[in-house]
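*Asks:* Just dropping this structure here.
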Amino acid sequence: MTNQPVVYIVDDDPQVRESLNLLMRSVGFNTKAFESAEQFLDAYDDTPGPPRCLILDVRMPGLSGLGLQEKLASSGVEIPTIVITGYGDVAMAVKAMGAGAVDFIEKPFSRQALLTRVQEAIDRDAAQRRTRARRADVADRLESLSHREREVMELLIAGRHSKQIASQLEIGEKTVAKHRARVFEKMRVDSVATLVHLAYSCDFTPANIELQSLRS
């Protein structure tokens, strides 16, 4: 599997589609071009893979570019989208950006400006994918904890010392130490400070951990 970034192009104009295809490939991007939003939806695979972005025309027969944005958003698909149009206006730009587009460009556009924005979108997607992968990994570690270990972890993150944890959970300090050691092992950390940083960097705050514990 190649790790080259993928640029999806959705435009009903074959000349524009081919021009964008050649431009993106000239700088090393893989491309997948579609003449309609429906064709794109039929082919798009949101499984983990290389970073990607979408170049999307607004006005197309059938499902419009904005309609495609809405469908992707409702399906939970996160892909940085650059909207292009030959008939742009402020209202359309606002709607496109509100639907999650990272940029709105009117035709004709500078080739270099478009390449710059595509690279920014690719970089953004790569960062989001790293964040999602990290959160998934931490969630898996959290899932491996027993109910009591989660309680101890939550209190550690909240700044409680072993004596306070023992008192609050009505267990011995030696038992707290054992649970703490298991938490460190399962969460792959070597200190409370590292545990706190890991939890907050992935938004696993004490309140969120407690909520997940209630749901599990």
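*Asks:* With the structure loaded, tell me whether A136 is in a helix (DSSP H, G or I) and either of a type in the set (F, W, Y) or within 30 Å of P50 (Cβ to Cβ) (or both) or whether it fails that test.
*Replies:* When the stated conditions are applied, A136 passes them.
*Asks:* Scan the range 45-55 for residues that are at pLDDT 90 or above and either buried (at least 17 other Cβ atoms within 10 Å of the Cβ) or of a type in the set (D, E) (or both) and jot them down.
*Replies:* Across the range 45-55, the qualifying residues are P51, R52, C53, L54, I55.
*Asks:* Using beta carbons and a limit of 8 Å, which pairs, at least six apart or on different chains, have the first residue in the range 107-132 and not assigned by TED's automatic domain parsing to the domain that holds I79 and the second one part of a helix (DSSP H, G or I) and modelled with pLDDT of 90 or more?
*Replies:* Nothing qualifies.
*Asks:* Are any residues in the range 30-71 in contact with a Gly (Cβ under 8 Å, 6 or more places away or on another chain) and within 25 Å of N3 (Cβ to Cβ), and if so, which ones?
*Replies:* L56
The values are calculated or read from the model by the stated rules, or taken from the named source; none is laboratory data. What you see is a predicted model; the values in this text were computed from it and never measured. Backbone-built Cβ (ideal geometry, glycine too); neighbour counts: all protein chains shown.
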